[in-house]
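What follows is a short report on a single structure.
What follows draws every value from the coordinates through simple rules; no lab data is involved. It should be emphasised that the depicted structure is a prediction, and the values quoted were computed from it without experimental measurement. Backbone-built Cβ (ideal geometry, glycine too); neighbour counts: all protein chains shown.
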Amino acid sequence: MPANPVVLAKLSRPRLHDELARTRLHAVLDEAAARPAVWIAAQPGAGKTALAAGWLASRKRGGIWYQVDPGDDDPASFIYHLHTAALAARKDAEPLPLLRPEYLADLPGFARRFFRELFSRLGPQGTLVLDNFQEVPDGSLLHKLIVCMVEQVPPGVNVLVISRSEPPAGYATLIASQAISVVDPGELHFTLEETAALAQRRGISDPRLVQELHARSNGWAAGLTLLLARSARNGAVPDRGDTESLQHVFGYFAQRVFDELPALQQQNLMRLSFLPQMTAALAHGLTGSEDAVRLLEQLYRRHMFTDQRRRKGERAEAVYQFNELFRTFLQHRAEQAWADDERRSLSGRAGRLLEEAGWGEDALPLLARGGDWGCYARVVCARAEPAIGQGRRQTVKEWLEAMPAGELERSPWLGYWQGRSLLQSAPARSVEVLEEACERFQQAGDVAGQLACGAAVVNALWFTRLGWSEVAPWVERLEPLLHRHVAFPSAAIELTSYAALHAALSFCRLDHPAIPGLARRLLALVGDDTLDWTQRLTTATHLITFLHNSGEDDLVRQLMGKVDPVVESRPASALSRSFWYTFRAIHDMRNARYEESSERFQRAEDLAREEGLLQAEYAALQFRTYLDIVFRRFADAQARLARMELHPARSSPDAEMNYWLAQTLLAQARRDVTTAYGHAQRTLQAIERVGAAYFRATFRPLLASAFADGGDFVAARELLASSRNMVRGTYLEVMETQLLLEEAHIENACGDTRAALALVARALALAQTGSGLNAYAQRVLSRNRSLLELALAAGIETDYVRREIRMWRLSPPTEEIPGWPWPIRVRTLGSFEVLVNDAPVEFGRKVPKRPLAVLKAVVARGGSCPESVLIDAFWRDEAGDQAAKSLGVAVHRLRPLLGDSEVVVQQGGHVSLDRSRVWVDAWTFERSLERARERRDLEATAAALALYRGAFLAEEEGESWPLAMRERLRSKFIQAVDWAGAHLETQGRTLEAIDCYWRGLEADNVVEPFYQGLMRCYHRLDRMPEAVSAYRKLKQILSVTLSLQPSTATEKLYLSLRLDLAERAG
């Protein structure tokens, strides 16, 4: 809502017209301004406001001029108007926060942050003026805010307080510490020289007359102004009369000036005194006279106790305001001139004019004095929603308390607003008032009113953190109304009501048929730009969670399309923004986008911590802990849990529940079965304390695996069965894939692998039929790698399984599983090749030789290589510093080649590869052979041998650095082929032995034992020509390649074969 002229005038500096520059007092203020705050306290009419405005103008100091009024007794109202002023001063800056309920728990902390930021925007020589500060009652909470304010004033900036009274006792510490400079009231009295200068401007130069004016007024600005006005016309100082006080002096002199005015002008001035502030249009509307407008301008120009204010750069009308002394005098004359009924009628008329002009809040006191409670109620109902949105619940409460009890009971909507205004300060009373209003709505057959009151009760119960069991009866009470057509008084009330009701239904009545329809209506309201953005963002935060839970991914995308493009540019409360960042981060987490999710969680946490929002900070910590667990950052998760354990917000039941759930999941991820089982029992107890159906349905299955791992299979199955019964036929029915996979884990823990695989197959097939079903499957698969390993080993939905492993960046199992989707594969045996996500890396025109050489050398050293070895191998001719720099460049270039910025680590004098992300055939070959040898497993040996496609990094022949690895692998390969072939021969599996030896020769054709094995096998099969052929091939290869002859053992074997052949021929 745009600011109206009255609000702008409240925040505008008075306009000076032909004002006398009081240079003496300007010097006093210059000296006082060395301290953070300056307090100008003096009697009414002493010229305090004119002095401050003149000093600021002469020193060219900018800032904010704030005119305090009784409404500022509500600190939220004070903060709201400063928020408005700061926004007008710096339209390009992010709006300052409003004093919403979430800040009340730490009001001093909020004040420090608010004023620190406000003063930073004022800039050097900036000044915040608080005019008419006497309007703040002594016991007002606002004084504590002002103390905090003064403590935050930076050098070069000042707070200037203008008041009729000196600082109250609460400011004593600031005065003692010299943070406040109090200007002596006597300083404001006009000196004789100043009186003469002012008289000269009014056309009076007679020294005798000036001395008499000065003596008669005693230097009092208001008295001097009136005396000058009379003397300028009559040429003499009026009689002293009987005056005992300044007010009496003013009244005496004002009476003389007033009596000289024409009767019509007197009538107009008395009428205008009913308005706290007025534009020309209002003045004409109340008096019906064009002369009234001219009179206001004339009084302003003659300095006759009339201010004019206008926002700089604005085209708004000028706003006039009488000096309080003058206004009091005029109202006193009106009391003498008019009867009570006439004054009440005029008050009501003035109030209605203000309401029509859009100045509803200023109209309320006049409407109350005029007894127009019908109009008063309309204004309250129209202004309550935005006022509550601004955090000004106390103000709304005071509006309603001003109404007579009988008038308050006329409309149940007034009861609704009264209940909402009490929500934070007196939640129990709030519920009582709302219940009474709801009953009156029920008697009137007003469905919208009943739903609005019920929704407000739900919010009140949630605010008191009583638990969801208290909410459930209200859900049952309101349930029949949701089937009827509803016409709310405004879209704002509809949004507030439906948001609370939808939350209550989705947490307490999972099967209610109205839930999907309400969600779609809320989605439409989130896009309604006529509504408050903070409320829409709060609703969007609830919706994104609900839509995720119900598997409505298309609607999630629609919602994010409405919010994401504008969330950074539109002003909203810090609480709503922090919660949005958190639950938007959960969307990224559910889509395995770790970096984006982590960044949003951090923003949410930082914002909540800066603003002192404990619940929002806890939520960001809590859900980011889940992110850490899913992505196996266990140290980070443990650190966050340590913070959660001591966090003040943990005192609520749902926060305690989430704490123990996170502890359970972390212990499971670390395979600490005993600890996880104990934490799961505590989590289950916490779920029951919260009492919401939603948590019973969704959190219990998360505990089933911990119970199963702890050996409590009966409890584990009961948890799943109860959850399945609860979600059947509800918006959570898409949980079936999660329940199937949790059930598979239980069967696997029981040792029934066959049953487990059948359940996994059902779940994974179902997961691919819908995005919602898939999301719930991922809730298990992302933290339960064993099920994916089972599926991959059994060949179940392997493409899907491989995608999930990649998506969640799961580390490989200890035991090699064929088909595991390594992010990076490096082949070094026989030929060199790098594959990222199974696709060969393309190098373009120029192959990056040095980065690849570094990769090969690190592989040759088993995954970690000293920098000195790399430099010696590849940059031997370069100076030390330059060589180290060249290595750094090569490592930097290698990372993007591998598509992973973290897979190559350079620290501690070593360059290393993350072996959990990189598969190397040479490493796997060596590891697999070792396991096969330990088990004496012939099939496993054959599988390992299949990896050896040739010599290690054969293209680097002639280089020394790969030689040790090459020879070691060759030796192990020869030994393994020899062992495998011999065992096959022993078992009579001769043909398989032949295949084994030929497989060996394909990889290395100069290994003599392989030819010997072939000769034996062919002889055993009576295939002598092939046996002889094997000998001759060996002899030729040895001669050509190595210039050697076959060994004695080979010659002996060949001779025996020839003899056997001869004997058979003979």
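What percent antiparallel are the DSSP beta bridges of the chain, to the nearest 5?
50 percent
With the dipole of the chain worked out from charges on the C-beta (+1 for Lys and Arg, -1 for Asp and Glu) around the Cα centre, which of Val136, Gly351, Thr664 lies farthest toward the positive end?
Thr664
Quick check for me: using +1 on Lys/Arg Cβ and -1 on Asp/Glu Cβ, what's the dipole size of the stretch 1-128 about its Cα centre, in debye to the nearest 20? Before the final figure, lay out each step's value.
Numbers: 17 positive and 13 negative charges, 99 e Å.
Magnitude of the dipole: close to 480 debye.
Quick one: if the Förster radius is 25 Å, what FRET efficiency do Ala491 and Arg410 give, using the C-beta to C-beta distance and rounding to 0.05?
Result of the calculation: an efficiency of 0.50.
State whether the stretch 544-635 is rounded, prolate or oblate according to the following rule on the C-alpha gyration tensor (a ≥ b ≥ c being the square roots of its eigenvalues): a/c under 1.5 gives rounded; otherwise a/b larger than b/c gives prolate, and the remaining case gives oblate.
Judged from the Cα gyration tensor, the stretch 544-635 comes out oblate (a/c at least 1.5, b/c at or above a/b).
I need the calculated FRET efficiency for the pair Asp1004 and Thr753, taking r as the beta carbon distance and R₀ as 45 Å, to the nearest 0.05.
Efficiency, rounded to the nearest 0.05: 0.70.
Are there trypsin sites (Lys or Arg not before Pro) in the stretch 476-514 that DSSP marks as loop and that have at most 12 other Cβ atoms within 10 Å, and which are they? Provide the component values of the computation, followed by the final result.
Working: sites: Arg477, Arg484, Arg509; in loops: Arg484, Arg509.
For trypsin sites (Lys or Arg not before Pro) across the stretch 476-514 that sit outside H, G, I, E and B with at most 12 neighbouring Cβ atoms in 10 Å, the list reads Arg484.
Please report the orientation-averaged projected area of the stretch 87-144, defined via the convex hull of its C-alpha atoms, in nm².
Across all orientations, the stretch 87-144 yields a mean hull projection of 5.2 nm².
I'd like to compare 850-857, 911-918: which one has the highest average count of other Cβ atoms within 10 Å, and what's the full order after that?
The densest-packed peptide leads the list: 850-857, 911-918.
Run the numbers for Arg876 and Arg1058: contour at 0.36 nm per residue of separation, minus the present Cα-Cα distance, in nm.
59.9 nm
Any chance you could give the angle, 0 to 90 degrees and rounded to 10, that helix 990-1003 forms with the longest Cα principal axis of the chain?
Compared with the principal axis, the helix lies near 60 degrees.
From the list [x] -0.53; [y] -0.43; [z] -0.47, can you say which value of log10 I(q)/I(0) by the Debye sum over Cα atoms at q = 0.05 Å⁻¹ was derived from the structure given?
Structure-derived value, by its label: [x].
Give me the base-10 log of I(q)/I(0) for the stretch 5-188 at each q in 0.09, 0.12, 0.16 Å⁻¹, Debye formula, one uniform scatterer per Cα, rounded to two decimals.
-0.29, -0.53, -0.99
I'd like the distance separating the alpha-carbon centroids of the stretch 697-720 and the stretch 62-84, in whole Å.
57 Å
Between the stretch 748-824 and the stretch 949-990, how far is it from one alpha carbon centroid to the other, in angstrom?
Centre-to-centre (Cα) distance: 35 Å.
Once both axes come from the Cα atoms, what is the angle between helix 921-935 and the longest principal axis of the chain, in degrees from 0 to 90, rounded to 10?
60 degrees
Pull out the extension gain between Glu930 and His17, defined as 0.36 nm times the separation in residues minus the alpha carbon to alpha carbon distance; nm, one decimal.
Details: separation 913, 0.36 × 913 = 328.68 nm, distance 9.83 nm.
That works out to 318.8 nm of additional length.
Using per-residue counts of other Cβ atoms within 10 Å, averaged over each peptide, order 367-373, 487-493 from highest down.
Final packing ranking: 367-373, 487-493.
Given the options Ala890, Ile871, Thr828, identify the residue whose Cα lies farthest towards the positive end of the charge dipole of the stretch 824-921 (+1 on Cβ of Lys, Arg; -1 on Cβ of Asp, Glu).
Most positive-ward Cα: Thr828.
May I ask which of Lys48/Lys91; Lys10/Lys91; Lys856/Lys1035 have a Cα-Cα span longer than 27 Å here? Each step should come with its number before you reach the end.
Values: Lys48/Lys91 31 Å; Lys10/Lys91 18 Å; Lys856/Lys1035 34 Å.
Where the Cα-Cα span goes over 27 Å, the pairs concerned are Lys48/Lys91; Lys856/Lys1035.
Could you order the peptides 94-101, 550-557 from most to least packed, using the average number of other C-beta atoms within 10 Å per residue?
Details: 94-101: 19.5, 550-557: 18.0.
Highest mean packing first, the order is 94-101, 550-557.
Work out the length of the dipole vector of the stretch 131-185 about its Cα centre, built from +1 on the beta-carbon of each Lys and Arg and -1 on the beta-carbon of each Asp and Glu, and round it to the nearest 20 debye. Let's see the in-between values first.
Details: 2 positive and 6 negative charges, 23 e Å.
With Lys and Arg at +1 and Asp and Glu at -1, about 120 debye.
Skipping prolines and chain starts, which residues have an amide H placed within reach, meaning under 5 Å, of the one on Val38, given they are 5 or more residues away or on another chain?
Val159, Leu160, Val161, Ser181
How big is the Kirkwood radius of the stretch 256-364, worked out from every pair of different alpha carbons and given in Å to one decimal?
It works out to 14.2 Å.
Residue farthest toward the positive end of the dipole of the stretch 269-391, with Cβ of Lys/Arg at +1 and Asp/Glu at -1: which of Met278, Gln390, Tyr376?
Comparing the listed Cα positions along the dipole, Met278 ranks first.
Below 8 Å, C-alpha to C-alpha, sequence gap of six or more: please give me the relative contact order for the stretch 731-813 in percent.
Working: 87 pairs, mean separation 23.9, N = 83.
In percent, rounded to a whole number, it is 29.
Just to confirm the number: angle between the C-alpha axis of helix 427-444 and the first principal axis of the chain, 0 to 90 degrees, nearest 10?
Roughly 80 degrees between the two axes.
Using θ = phi - 60° and the Karplus form 6.51 cos²θ - 1.76 cosθ + 1.60, what ³J(HN,Hα) does each residue of the stretch 470-476 get, whole Hz, x for Gly and Pro?
With the stated coefficients, the stretch 470-476 comes to 6, 6, 3, x, 5, 4, 5 Hz.
To the nearest 0.05, what FRET efficiency results for Val836 and Arg670 with a Förster distance of 22 Å applied to their C-beta separation?
On the way: r = 30 Å, r/R0 = 1.37.
For R0 = 22 Å, the calculated efficiency reads 0.15.
Considering the Cα trace of the stretch 894-1010, what is its radius of gyration and what is Dmax, both in angstroms?
Over the stretch 894-1010's Cα set, Rg and Dmax evaluate to 17.0, 54 Å.
Using modelled backbone amide H atoms (1.01 Å from N, in-plane), which distant-in-sequence or interchain residues come within less than 5 Å of Arg13's amide H?
Trp65
Within the P(r) computed for the stretch 938-1065, what percentage of the Cα pairs occupies the region above 22 Å?
Taking all Cα-Cα pairs of the stretch 938-1065, the fraction more than 22 Å apart is 39 percent.
What is the distance in Å between the Cα centroid of the stretch 1006-1023 and that of the stretch 126-177?
After rounding, the separation between the Cα centres reads 104 Å.
In debye, nearest 20: dipole of the chain around its Cα centre with unit charges on the Cβ of K, R (+) and D, E (-)?
Numbers: 128 positive and 133 negative charges, 369 e Å.
The calculation lands at about 1780 debye.
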